[in-house]
Amino acid sequence: MIKKIILLTGFMFSVSFLAQTYKAIDTADYAERKAFLKTFAGNNESFIKKLKSDYSGKTGSGLAKIYKEFETDFEKQVKNKDFIFKSEFDMNIRSLILRLRKNNPQIPQDLKILIAKDNTPNAYCLADGTFVINMGLFNWLKNEDQIAAVISHELGHKIEEHSLKTVIDAIEQNQLDKVTVKNIKATPDNKNQKAFDLLKNRAYKKGTEKRQQEMQADSLGYALYQKSDFKKEEFINTLKRLEDFDTISPKELKVETYKKFFNLPKQAFKDEWLKKEDFSLYNYNFYKEKLNKDSLASHPEMARRITQLKKTFPELNTSAEFQKASESFANLKIIARTEILPNFYHSEDYGVGIYASLQFLQDDEEPEYYKKWLGKCFTKIYEARKNYNLNRYLDRIDPKNQSESYQQFLNFMWNLSLEEIKNIAEYYQTKET
């Protein structure tokens, strides 16, 4: 399924002005990463030691194993430069946390900030107090107050230790399930159905618990937020804005856009490249879902979250327009927007990177900058096609879960021959040179 690509309008002049001299965020921060990893490993070891002290038996040993594995996985992400250190972004986050902490002494003092090279508007807080903010939040949200609202929500999760409680529940449930599975094996009839019911009930229970945690984090987060100097209405506006991201469709790529950027001097555009695979005879309703998606969902519908907040905090029943961003935040939005393609390239989402580049080019937004990224991504696609591993970097068509525009794009990409991909890559790489 396509990673969400929502490209905002209204930044043409600012982005164009910036991109003329724009230099991608420096990730040559070896010293900072090394220092962070040393501190992170020490803190995680202390945390594991405390867990073993607080929880005995299989629960304690299970927690130790899980958090040690998490430490290994997270260290790989840091070494892979998935996060940036000492940027304008984390300075902004630190200032927002200071404003939140002013009248909320329960907010932990040892929070560490990492900015993730991820275009999804999201954030999370780790057990040791490491706060991860995706760069996509700055691109999608409207102002600093909305960023503070997201931070407050995540602090609600941290203060309630929702993550730790979820892991403990999973370990204890595993132990209970082993007994149940043993009993199922001993029964003569309907073993498969009983095993499936066990799986289904556990998944539904987990979904219910996660949705309850989200509601709790909303309430506790707003309780922190309202004591600070942020505009209260922006807390609700933040949820509405995030709801837009979940429901809005990506911008459509026009046929003219393909013809404009792929009709090359030494390789004329071919209409057959746009030929679509026919899925009309496939009956998607033939197979009935065995699990209810709503029961599996980890987040309640945004409308429910907003309704619950307004019920708990009556002052939120008044609506207000989005507050205008400060000059410093507007600059961070521009940087986050300009980093969309470097971020896709870093995460090896080369197919999505091409799709995003074409959307920018369709709007005539800083053409030379996005043609450069078009060439870089096509070069990687060429290498993948040549090495027979293109599926790693380019989605297959999934009519049930993809927009028509994205399906058209995927048809176009899969219709190209190896030589045609090479010619496109060389053309745009040569233009960069």
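Numbers below:
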item	result
Hypothetical label at Phe269: residues of the stretch 361-397 whose amide nitrogen lies under 13 Å (7 Å Cα-Cβ projection)	362
Too-long pairs where the Cα-Cα distance tops 24 Å, listed order kept, from Lys65/Lys185; Lys65/Lys200; Lys34/Lys112	Lys65/Lys185; Lys65/Lys200
Residue (of His157, Thr59, Asn122) at the positive-pole extreme of the stretch 30-244, dipole from beta-carbon charges	Thr59
Förster radius 51 Å - calculated FRET efficiency between Glu45 and Lys254 (Cβ-Cβ, nearest 0.05)	0.40
Relative contact order, percent, the stretch 30-244 [alpha-carbon distance under 8 Å, six or more residues apart]	20
Label assignment, semi-axes √(5λ) of the Cα gyration tensor in Å derived from the structure, set (i) 39, 31, 23; (ii) 38, 28, 18; (iii) 74, 29, 16	(i)
Exposure ranking of His346, His157 by accessible area [1.4 Å probe, largest first]	His346, His157
Share, in percent, of DSSP beta bridges within the chain that are antiparallel, nearest 5	55
Helix 302-312 axis, angle to the chain major axis (alpha carbon atoms, nearest 10°)	40
Apportionment of accessible area to carbon and sulfur, the chain, percent (1.4 Å)	51
Phi-based couplings in Hz for the stretch 134-141 (Karplus 6.51, -1.76, 1.60; Gly and Pro marked x)	6, 4, x, 4, 6, 6, 8, 6
Neighbour net charge for Lys34 - beta-carbon separation under 13 angstrom, K R +1, D E -1	+1
Share of pairwise Cα separations in the stretch 338-433, more than 15 Å, in percent	59
The stretch 30-244 - accessible surface per residue (Å², probe 1.4 Å)	49
Rg [Å, one decimal], Dmax [Å, integer] - the stretch 30-244, C-alpha atoms	20.0, 65
Where trypsin sites (Lys or Arg not before Pro) fall in DSSP loop in the stretch 311-383, at most 11 other Cβ within 10 Å	Lys324
For Gln267, distant residues with modelled amide H under 5 Å away	none
For the chain, calculated [θ]222 nm from helices alone, where every DSSP H run of n ≥ 4 adds -39500 (n - 2.57)	-20500 deg cm²/dmol
The chain, relative contact order [Cα under 8 Å, separation at least 6], %	20
Most to least packed among 316-322, 250-256, 185-191 [average Cβ atoms within 10 Å]	250-256, 316-322, 185-191
Unit charges at the beta carbon, dipole of the chain: most positive-side option, Ile424, Phe230, Phe131	Phe131
Karplus 3J(HN,Hα) series, Hz, for the stretch 205-219 with 6.51 cos²θ - 1.76 cosθ + 1.60 (x for Gly, Pro)	4, 4, x, 4, 5, 5, 5, 5, 5, 4, 4, 5, 5, 4, 5
Residue-by-residue Karplus 3J(HN,Hα) for the stretch 250-261, coefficients 6.51, -1.76, 1.60, Hz, glycine and proline x	x, 5, 6, 8, 7, 4, 4, 5, 4, 5, 5, 9
Given charges at Cβ of Lys, Arg, Asp, Glu: the chain dipole, positive-most of Thr72, Asn389, Pro105	Thr72
Mean-position separation - Cα centroids, the stretch 329-394 and the stretch 130-182, in angstrom	30
For the stretch 30-244, share of DSSP beta bridges that run antiparallel, in % to the nearest 5	50
Helix 233-247 axis, angle to the chain major axis (alpha carbon atoms, nearest 10°)	60
Helix 162-186 vs. the chain, principal-axis angle (Cα, 0 to 90°, nearest 10)	80
Estimated dipole of the stretch 30-244 in Debye, rounded to 20 [Cβ of Lys and Arg +1, of Asp and Glu -1, Cα centre]	620
Gain in span if fully extended, Glu160 to Arg396, counting 0.36 nm per residue against the direct Cα distance	80.9 nm
Net charge, Leu309 excluded, C-beta distance under 14 Å - Lys, Arg +1, Asp, Glu -1	-1
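The values are calculated or read from the model by the stated rules, or taken from the named source; none is laboratory data. The structure presented is a predicted model; accordingly, all values stated were derived computationally and were not measured. All Cβ positions, glycine included, derive from the backbone under ideal geometry; neighbour counts span all protein chains shown. Accessible surface is based on the protein model in full, side chains and every heavy atom, while ligands, DNA and RNA are left aside. Shrake-Rupley method; radii C 1.70, N 1.55, O 1.52, S 1.80 Å.
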